[in-house]
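One structure is given here, and the rest of the page talks about it.
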Amino acid sequence: MTRIRKTAMSTVLCIAASLSSNAFADNGSSVIQRVLVLSIDGMHALDFDLWVKNSPTSAIAQLASKGINFSNASTTKPSDSIPSTTAIFTGGTPAVAGMWYDDAYNRAWFAPTNTTCTGAPGTVFSLKGDIDVDPQPTVVTATNETVDPNKSPRQLVGGVCTPVLPHNMIHVNTVFEVVRGTHGLTAYSDKTASYEFLNGPSGTGIVDLYTPEIGLVILKDPVMTEAFDDLRVTSILNEIKGFDHSGTTRVGVPTLFGMNFQAINAGKKDSLGGGYADGFGTPNATLLGTLQYTDASIGKIVAALEQQGLTSSTAIILLAKHGESALDPAERFVQLTSAIQGVLTPAGFPASGIPKITEKTTALIWLKNQAQTSAVASVLNLTANEQTLHIQQILSGESLKLLFADPLVDPSTPDIIVVPYNGTNYEPSLTTAVQAEHGGFNENETHVPLLVLHSSLTPGQNKAPVTLAQVAPTILSLLNIDPSALQAVQLQGTTVLPGTGRNNNGNGNSSGN
């Protein structure tokens, strides 16, 4: 069954044609005054390349022809939206930022219901819609959702049992805080209220945060997701005109702003015509429609910048937080989320001793007794269990500490990470499994598009390996702000993307400083 779609290729071509050929010519000052970040969730680098190749008059193709295309860019490991968004706007991986997943565990916090913070600490927590005031809308609504403190984990602060809001969870500052510290206006829109963590530890980084709730029903429906994206596209168009996201209050055009698109992500998950037709990146009908829709929306945003005379003073960064797995439908393998616990319980490790296993295209395991880490990992490492569970690699002990923080020291780091073979997706039910998922370490999920665009930068393709964490210092560099103002840059030595370094005199350079 193919969904009936309101987005047609003719719409895409019409909007693309409306963009003048010199849309990124210097129409005023070439000094970058603002940066716009657009994330296309679920888009693989191959999706981007094929779209540009096969739709040369499209809005994304026009941007690609005038920007630096980092074709060997990788997102974070794990490739979930929470750690990748954190990297994009802090410059840090989970090793220093402490943001692991939207469904995780922390050994130092208490459950939301433990209002006295007594007893042994350690609690599961969610950064999905679960902690919203209205957690799961079934229709698209423009309501700007907020976090309910009563649904948040708790910790002792000065002897007081206090809710841990998302911005309290992040360990390092964000670009929004740095930009606001220079008296710049900041705005951003994402899919759920927990993205207020981008406010940073200060809690004040984003002046105009717009977070309608996507919910599980909307998330899995491409047509509803397009309508959800429309809300945020409208917010960007309002901000380009100098208003707040609602279009009701004139505040000025933000110095740093952006949004994420969810439609392509939904188009890859959808079981009714979604995903790929083959192993070469050919989209099925639903995925093609979401590609067309997203391109048309980006075309509207670019046209609005031109109409407001902001083209030459605005740098655009186009990226994806993560891809989706499997890219090749023949490689798709669905594993039940009960399978890992199913082999651990008979080996003497019941669920009562394993407070959290987070599973999508990888598995993060937190143990109640961390002294059992080696024993649990050894059970998973048995040949029969590796075959049953489709395990490619197990990270624990020293191999985990090489990439991340020590779980014996950092209360947010999992004790064991199970990396399955490419294409493996953990699902609670075989009959309701989505076509694709993300969150793991493999190429399908981590190889993402990354385009940086401004008239002062020399366009072309850069095949050097880069990461999304380099976007954060690049944003500051483009705005002529010292990237070392970011704590993660200091801690991890994250560099500016090659070819984008600036001294804000209108001339790009290739320096990483």
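The values are calculated or read from the model by the stated rules, or taken from the named source; none is laboratory data. Since the model is a prediction, treat every value here as computed from it, not as a measurement. Using ideal geometry, Cβ is built from the backbone for each residue, glycine included, and neighbour counts are taken over all protein chains shown. Just so you know, the surface numbers come from the protein's heavy atoms only, side chains and all, with ligands and any DNA or RNA stripped out. Shrake-Rupley method; radii C 1.70, N 1.55, O 1.52, S 1.80 Å.
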**Prompt:** Taking Cα atoms of segment 399-492, Rg/Rh with Kirkwood Rh, to two decimals?
**Reply:** 1.06
**Prompt:** Reachable lysines from K401, Cα under 18 Å, same-chain residues fewer than 8 places away excluded?
**Reply:** K77
**Prompt:** Taking all protein chains as present, what is the carbon and sulfur share of the accessible area of the chain, in % to the nearest whole number, probe 1.4 Å?
**Reply:** 54
**Message:** Going by Cα centres, segment 70-112 and segment 118-174 are how many Å apart?
**Reply:** 16
**Prompt:** How large is the accessible surface per residue of the chain, computed with a 1.4 Å probe and reported in Å² as a whole number?
**Reply:** 36
**Prompt:** What order do you get for 124-130, 276-282 when each peptide is scored by the mean count of other beta carbon atoms within 10 Å, highest first?
**Reply:** 124-130, 276-282
**Prompt:** Rounded to the nearest 20 Debye, what is the dipole magnitude of the chain about its Cα centre when Lys and Arg each give +1 and Asp and Glu each give -1 at the C-beta?
**Reply:** 460
**Complete:** Check: in segment 217-341 the Lys pairs 8 or more apart or on separate chains whose Cα atoms fall under 26 Å apart number 10
**Prompt:** So for the chain, Kirkwood radius off the Cα pairs, Stokes-Einstein at 20 °C and 1.002 mPa s: how many µm² s⁻¹?
**Reply:** 93
**Request:** Assign one of three labels to segment 173-292, namely rounded, prolate or oblate, based on the Cα gyration tensor with a ≥ b ≥ c the square roots of its eigenvalues; rounded applies when a/c is under 1.5, prolate when it is not and a/b is larger than b/c, and oblate otherwise.
**Result:** prolate
**Message:** Can you say what percent of the DSSP beta bridges in the chain, counting only those with both residues inside, are antiparallel? Round to 5.
**Reply:** 60
**Complete:** Classified through the alpha carbon gyration tensor (a ≥ b ≥ c as square roots of its eigenvalues; rounded if a/c is under 1.5, else prolate when a/b is larger than b/c, else oblate), segment 69-166 comes out oblate
**Item:** Estimated [θ] at 222 nm from DSSP helical runs (n ≥ 4, -39500 (n - 2.57)) normalised by residues in the chain, nearest 500
**Value:** -8000 deg cm²/dmol
**Item:** Which of I416, I301, L402, positive extreme of dipole for segment 301-420 (C-beta unit charges)
**Value:** I416
**Request:** Would you list the membrane-span-like helices of the chain, meaning whole DSSP H runs whose alpha-carbon atoms span at least 27 Å along their axis and whose mean Kyte-Doolittle value is at least -0.5?
**Result:** 285-307
**Asked** What FRET efficiency would be calculated for the residue pair E443, H183, taking the C-beta separation as r and a Förster radius of 56 Å, to the nearest 0.05?
**Response** 0.85
**Message:** Let's see if you can work this out: charge +1 on each Lys and Arg Cβ, -1 on each Asp and Glu Cβ, no other charges. What is the dipole magnitude of segment 326-470 about its Cα centre, in debye to the nearest 20?
**Reply:** 140
**Asked** By its C-alpha gyration tensor, with a ≥ b ≥ c as the square roots of the eigenvalues, how is segment 342-392 shaped: rounded for a/c under 1.5, else prolate for a/b larger than b/c, else oblate?
**Response** oblate
